[in-house]
Amino acid sequence: MKVLVIGAGNMGLTYAEGMSKSKRLNNENIMVLDKSDEKLKELNEISYFDAYKELGDCVPKADIIFIAVKPYHSESLFEEIKPLLNSNQMAVSVMAGVTIETIKAGTGLSKVVRAMPNLPAQIGQGLTSFIATSDVSKEEVATVEDLLNTTGKSIQVESERFIDASTGISGSGPAYVFYFMQSMMEAAEKMGFSKNDATLLVSQTFKGAVELFNQSDLTPQSWMERVASKGGTTQAALDSMDNNKVNALIQEAAYAAFNRAVELGKQ
Ligand SMILES: NC(=O)C1=CN([C@@H]2O[C@H](COP(=O)(O)OP(=O)(O)OC[C@H]3O[C@@H](n4cnc5c(N)ncnc54)[C@H](O)[C@@H]3O)[C@@H](O)[C@H]2O)C=CC1
Ligand SMILES: O=C(O)[C@@H]1CCC=N1
């Protein structure tokens with residue numbers, strides 16, 4: 001089995017690296033293509049795959065083609081790639097908002113997997129949601145699942161709506177966490193801490209809180225109650241967040257990403 005990754009950016013390279021550790025593939029079976037010359041120089045330095053610039057040199061050899069270009073580059077890529085594909089090949093797209101219908105029409109392929117990963121995939125801690133068309137066999141789904149899991153965990157969803165929904169939760173979600181971290185670091189610096197200390201105070205707090213949560217069966221609400229003493233400091237902060245409707249605003253933000261994914265799919 002040979003896998004080709006098209007688009008060697010954050011996501012494409014992450015998958016290429018993850019898959020290089022898969023028992024299903026060895027390095028000669030992984031091909032990576034990027035159209036940027038600068039990127040190509042970088043790719044040629046990496047030993048765990050073969051780098052390509054021309055679609056014609058690698059697309060016909062691939063069984064599975066991972067598409068990891070930006071959504072707005074998909075149309076031109078589809079035009080170039082379509083004449084080179086055959087019906088036995090499978091496309092796995094990680095592009096936000098690009099629907100299965102669009103991928104099928106653009107590539108002419110009927111075996112299509114649409115996936116939504118997230119950035120922690122870079123350290124093997126990603127979460128990918130995915131859905132496969134009915135032409136993808138059970139064995140092929142298992143293969144794709146194994147490949148996706150080289151970057152973390154995955155869930156197979158029932159309908160494409162959940163791919164767009166998971167874009168609003170897990171796909172874009174790491175940015176919400178960074179947003180919260182940034183705000184807390186700014187508050188720490190305003191209180192007089194150095195940048196280094198502010199960074200440590202916040203990063204270790206996030207790490208510890210997530211680890212506590214992961215090692216228990218408790219809900220976030222229960223953990224909040226364990227931190228907060230009646231009439232104490234945490235309650236003052238939580239009340240401030242409630243008064244400012246932070247919960248509703250976070251949910252609104254997640255829906256904004258979900259809606260944007262749906263909107264991208266209509267373009
Ligand atoms: N960055 C993230 O956290 C996530 C990104 N995604 C999706 O992954 C996809 C890629 O995102 P990133 O890796 O962040 O983008 P990126 O900009 O880092 O990488 C895209 C790469 O594709 C290359 N490229 C563009 N057109 C090409 C073509 N026709 N042929 C070959 N290579 C081409 C570019 O040179 C670039 O190296 C996007 O569609 C995005 O929606 C999905 C989930 C999370
Ligand atoms: O912002 C984006 O459109 C992509 C999809 C999820 C994370 N990054």
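The values are calculated or read from the model by the stated rules, or taken from the named source; none is laboratory data. Keep in mind that this is a model prediction, so the values were computed, not measured. Cβ sites come from the backbone with ideal geometry, for glycine too, and all protein chains shown count toward neighbours.
Residues that are assigned to a helix (DSSP H, G or I) and more than 9 Å from ligand 1 (Cβ to nearest atom) were ranked within segment 1-18; the one that is surrounded by the most Cβ atoms within 10 Å (Cβ to Cβ) is Tyr15.
Inspection of segment 130-138 finds no residue satisfying the criterion of being of a type outside the set (S, T, N, Q), within 16 Å of ligand 1 (Cβ to nearest atom) and assigned to a helix (DSSP H, G or I). Among the criteria (1) more than 30 Å from Ala142 (Cα to Cα); (2) among the hydroxyl-bearing types (Ser, Thr, Tyr); (3) part of a helix (DSSP H, G or I), the one Ser166 does not fulfil is (1). I'm checking my understanding of the structure. Among residues of segment 19-63 that are under 23 Å from the mean Cα position of the chain (by Cα) and surrounded by fewer than 12 Cβ atoms within 10 Å (Cβ to Cβ), which one is modelled with the lowest pLDDT? Among those that are under 23 Å from the mean Cα position of the chain (by Cα) and surrounded by fewer than 12 Cβ atoms within 10 Å (Cβ to Cβ), it is Lys23. Checking each residue in segment 110-130 for being at negative phi and either surrounded by fewer than 21 Cβ atoms within 10 Å (Cβ to Cβ) or among the basic types (Lys, Arg) (or both) picks out Ser110, Lys111, Arg114, Leu119, Pro120, Gln122, Ile123, Gln125.
Please tell me if Ser170 is closer than 30 Å to Val94 by Cβ, surrounded by 13 or more Cβ atoms within 10 Å (Cβ to Cβ) and within 16 Å of ligand 2 (Cβ to nearest atom). Walk me through how you get there before you give the answer.
Numbers: closer than 30 Å to Val94 by Cβ: yes; surrounded by 13 or more Cβ atoms within 10 Å (Cβ to Cβ): yes; within 16 Å of ligand 2 (Cβ to nearest atom): yes.
Judged against the criteria, Ser170 is a match.
Sub-6 Å Cβ pairs linking a first residue in segment 203-229 that is within 21 Å of Asp239 (Cβ to Cβ) to a second residue that is surrounded by 10 or more Cβ atoms within 10 Å (Cβ to Cβ) and of a type in the set (Ser, Thr, Tyr), at least 6 apart or interchain, are Val227/Thr234; Ala228/Thr234, ordered by first then second residue.
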